[in-house]
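**Student:** Right, I'll just put the structure down here and ask away after.
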Amino acid sequence: MDATTHSHATPETHHDEHGHEHHELGFWRKYVFSTDHKVIGIQYGISGLLFLFFGFCLMMLMRWQLAYPGQALPLIGNALGHFFGPGSMPDGKMTPEFYNSLGAMHGTIMIFAGVVPIAFAAFGNFVVPLQIGAPDMTFPKVNAASYWAFVVGAIIMLVSFFVPGGAAKGGWTSYTPLGVIADTGPNFHPFFNGQTLWLLGFIFLITSSLLGAINFITTIIQLRAPGLTWMRLPFFVWAQFVTAFLLLLAFPPLEAAVIMQFMDRVASTSFFMPTGLVVNGAPLYISGGGSPLLWQHLFWFLGHPEVYVLILPGMGIVAEIIANNSRKPLWGYKSLVFAALVLGFLSFIVWAHHMWLTGMGSAVSAFFQTTTLIISIPSVIILSAFFISLWGGSIRFTVPMLFATAFLPMFGIGGLTGIPLAFNSADLYLHDTYYVIAHFHYIVAPGTIFALFAGIYYWFPKATGRMMNDFWGKVHFWPSFVCMNVIFLPMFLQGMLGMHRRWYDGGQGWNVSGEHIWGLTGFQWNTPISIAAWVMGLAQIPFIINFFHSIWKGRKVENDNPWDATTLEWTAPSPPGHGNFIKAPVAYRGPYEYSLPRRGKDYTMQNEPIEASEMTVAHPAREPVLRA
């Protein structure tokens with residue numbers, strides 16, 4: 001079957017289905033256990049935002065301990081001690097064990113319960129079927145199962161804070177053998193302990209992503225509207241397509257590894273446990289013969305594609321918003337598509353650059369250094385195409401555009417600072433320092449998360465029929481933008497002073513961190529960084545109020561296309577009903593037909609037929625022949 005042909009409902013059936021479903025579905029089936037891709041997308045989005053905020057709060061607690069180590073946290077310190085249980089914050093002072101828990105759970109929750117659910121699942125579920133003209137996802141019940149597997153996994157992660165001994169302490173990477181021997185002994189339940197529950201929750205989160213990935217790939221291949229050929233797809237759909245393949249291929253090895261580490265903990269196997277371990281002066285009696293390094297390989301085989309799982313949907317969102325707000329076509333559409341495909345492929349052969357300190361041979365390290373340098377090329381192609389797309393544009397600095405344009409230099413800083421880490425000689429010094437934290441967070445925080453905010457402001461009117469407030473959007477953007485840089489830029493300096501990312505005392509005992517750089521010692525930089533982090537927390541309050549207030553009280557959109565955009569989702573009602581489109585869409589042209597000559601308006605939607613006057617102009621995305 002031709003990939004672009006499928007049994008689209010006729011306009012009449014769309015209308016009948018909408019009316020029919022409206023009467024039959026009760027509240028629970030319509031809004032809670034829904035199989036509608038739009039409802040599931042919104043569920044993923046709101047859940048992901050809640051977990052993002054929770055993960056951010058964990059980090060804000062860590063920043064107190066780093067800026068003022070050993071001091072009682074004012075106002076809420078004692079209350080947190082009661083909330084998280086004994087051994088967390090006695091007398092309002094953070095214990096090293098609780099700091100480790102916060103670090104492990106901050107990373108896990110932000111990535112696997114926050115950014116991935118929003119970037120991939122929320123935007124993918126809501127936007128992709130609309131952009132390709134589909135009535136829903138291919139497997140609606142699998143879609144619902146994906147969301148509820150995510151909920152179960154995330155709840156298990158949260159519950160782990162309240163079991164005896166608290167949440168996981170083995171870092172967000174759960175390296176063995178620490179990940180196997182942590183949270184064991186007489187003071188811990190053999191199963192209901194933080195580290196074991198972390199692994200169990202992770203199994204559910206991985207399963208959720210795999211179910212979503214299968215669904216996305218099938219939907220994009222099978223359910224595109226007539227005429228929507230591969231090179232007429234919006235770049236956002238391409239980004240989600242590549243992301244789905246990354247998840248589908250990279251998560252199964254990690255799921256197998258997580259199950260093996262789980263068995264090491266609860267069934268005394270030794271997949272990752274070597275013979276001859278001595279813990280606290282006593283030999284560990286285990287069967288042995290396992291390989292701790294095997295865990296690192298399996299973890300990072302997912303862990304590096306995961307970085308592109310975080311960034312590719314963000315790039316897709318930014319592409320849509322830049323084209324829309326510069327009022328011109330994306331520059332180099334085909335090079336963008338091929339760069340994304342190459343990025344996806346290369347992301348599978350760079351994982352060992354996270355492991356330079358494991359003593360690999362020079363031949364293997366030379367291979368991974370080379371691939372790591374090569375993978376920067378498609379990233380630079382994508383970023384350059386975005387910058388060139390702005391050139392000569394009639395730019396509108398709407399709130400989505402502010403976040404999208406801020407994404408560009410921030411992602412650039414994150415990418416360029418990764419290049420020194422690609423060399424094992426430089427990484428020998430920088431590994432596990434704040435330099436790595438700064439590099440990674442520049443990509444994911446002012447990079448991906450800014451792209452996610454841009455997408456929320458951009459597609460909010462499609463999801464709700466109402467606009468978010470412009471003024472409060474700018475009040476949200478500017479402090480967030482400034483604070484992001486005040487937080488992460490000094491961390492490069494701290495890293496170059498050799499300050500370790502996991503020291504719970506903020507590095508005050510490290511002699512080099514006493515050296516002055518830019519007027520402060522490495523340790524003293526912790527204070528302005530922490531203040532900026534807390535201010536950034538306050539800067540999210542306007543967004544939270546704006547978001548929920550606008551759902552019910554926001555200004556209603558005057559039409560279904562408030563941004564004067566060109567892609568197919570803007571031909572659907574706002575918000576779209578069941579089946580999405582009143583009339584099944586047909587695509588006649590490429591996704592970014594802005595500012596065409598000899599037209600009355602500066603945008604031409606994908607479902608507008610080619611006019612005779614256009615036929616004289618050769619254009620690769622405008623074949624007049626429509627495939628049946």
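The values are calculated or read from the model by the stated rules, or taken from the named source; none is laboratory data. Keep in mind that what you see is a predicted model, and the values were worked out from it rather than measured. In this analysis, Cβ positions are derived from the backbone assuming ideal geometry, glycine residues included, and neighbour counts consider all displayed protein chains. Quick note on the areas: whole protein, heavy atoms, side chains included, nothing else; ligands and nucleic acids left out. Shrake-Rupley method; radii C 1.70, N 1.55, O 1.52, S 1.80 Å.
**Student:** Given the conditions (1) open to solvent by 10 Å² or more (accessible area, probe 1.4 Å); (2) farther than 30 Å from Met605 by Cα; (3) part of a helix (DSSP H, G or I), which single one is not true for Ala352?
**Tutor:** All conditions pass for Ala352, except number (1).
**Student:** Moving to a separate point now. Within segment 497-531, how many residues are out of contact with any Lys or Arg (no Cβ under 9 Å at 6 or more places or on another chain) and in a helix (DSSP H, G or I)?
**Tutor:** Here is the first cut: in segment 497-531, the residues out of contact with any Lys or Arg (no Cβ under 9 Å at 6 or more places or on another chain) are 497-525, 527-528.
Remaining after also requiring in a helix (DSSP H, G or I): 511-514, 527-528.
Total meeting the criteria: 6.
**Student:** If the Cβ limit is 8 Å and pairs must be 6+ apart or interchain, which residue in segment 31-54 that is in a loop (DSSP other than H, G, I, E, B) pairs with which residue that is aliphatic (A, V, I, L, M)?
**Tutor:** Listed by first residue and then by second, the contacts come to Phe33/Ala144; Ser34/Ile40; Ser34/Ala144; Thr35/Ala144.
**Student:** Right, Met484: over 22 Å from Leu312 (Cα atoms) and of a type in the set (A, V, I, L, M) or not? So that I can check it myself, show each step before the final result.
**Tutor:** Values: over 22 Å from Leu312 (Cα atoms): no; of a type in the set (A, V, I, L, M): yes.
Considered against the rule, which asks whether it is over 22 Å from Leu312 (Cα atoms) and of a type in the set (A, V, I, L, M), Met484 comes out as no.
**Student:** Of Thr218, Thr269, Thr275, which residue is hydroxyl-bearing (Ser, Thr, Tyr), closer than 30 Å to Glu320 by Cα and open to solvent by 20 Å² or more (accessible area, probe 1.4 Å)?
**Tutor:** The conditions single out Thr218.
**Student:** Exactly one condition in (1) part of a loop (DSSP other than H, G, I, E, B); (2) at pLDDT 85 or above is false for Ala618; which is it?
**Tutor:** Among (1) part of a loop (DSSP other than H, G, I, E, B); (2) at pLDDT 85 or above, Ala618 violates only (2).
**Student:** Another question, if that's okay. Check segment 134-155 and report whether any residue there is in contact with a Lys or Arg (Cβ under 9 Å, 6 or more places away or on another chain) and crowded, with 23+ Cβ neighbours inside 10 Å.
**Tutor:** Taking segment 134-155 first, the residues in contact with a Lys or Arg (Cβ under 9 Å, 6 or more places away or on another chain) are 134, 136.
From what's left, crowded, with 23+ Cβ neighbours inside 10 Å: 134.
The answer is yes, given that some residue of segment 134-155 is in contact with a Lys or Arg (Cβ under 9 Å, 6 or more places away or on another chain) and crowded, with 23+ Cβ neighbours inside 10 Å.
**Student:** To continue, here is another question. Output the number of residues of segment 377-407 satisfying the condition of being within 24 Å of Phe471 (Cβ to Cβ) and either buried (at least 19 other Cβ atoms within 10 Å of the Cβ) or among the aromatic types (Phe, Trp, Tyr) (or both).
**Tutor:** 11
**Student:** Is there a residue being among the hydroxyl-bearing types (Ser, Thr, Tyr), in contact (Cβ under 8 Å) with a residue 24 or more places away in the chain and either in contact with a strand residue (DSSP E or B) (Cβ under 8 Å, 6 or more places away or on another chain) or assigned to a helix (DSSP H, G or I) (or both) anywhere in segment 231-247?
**Tutor:** Yes, segment 231-247 has at least one match.
**Student:** Could I ask something else about it? Specify which of the listed residues (Asp427, Asp432) is acidic (Asp, Glu) and open to solvent by 30 Å² or more (accessible area, probe 1.4 Å). Write out each step before concluding.
**Tutor:** Working: Asp427 fails: open to solvent by 30 Å² or more (accessible area, probe 1.4 Å).
The unique qualifying residue is Asp432.
**Student:** How many of the residues making up segment 593-607 are within 17 Å of Asn325 (Cβ to Cβ) and basic (Lys, Arg)?
**Tutor:** Matching residues across segment 593-607 total 1.
**Student:** Ile259: open to solvent by 60 Å² or more (accessible area, probe 1.4 Å), in a helix (DSSP H, G or I) and at pLDDT 95 or above, yes or no?
**Tutor:** Working: open to solvent by 60 Å² or more (accessible area, probe 1.4 Å): yes; in a helix (DSSP H, G or I): yes; at pLDDT 95 or above: yes.
Criteria met by Ile259.
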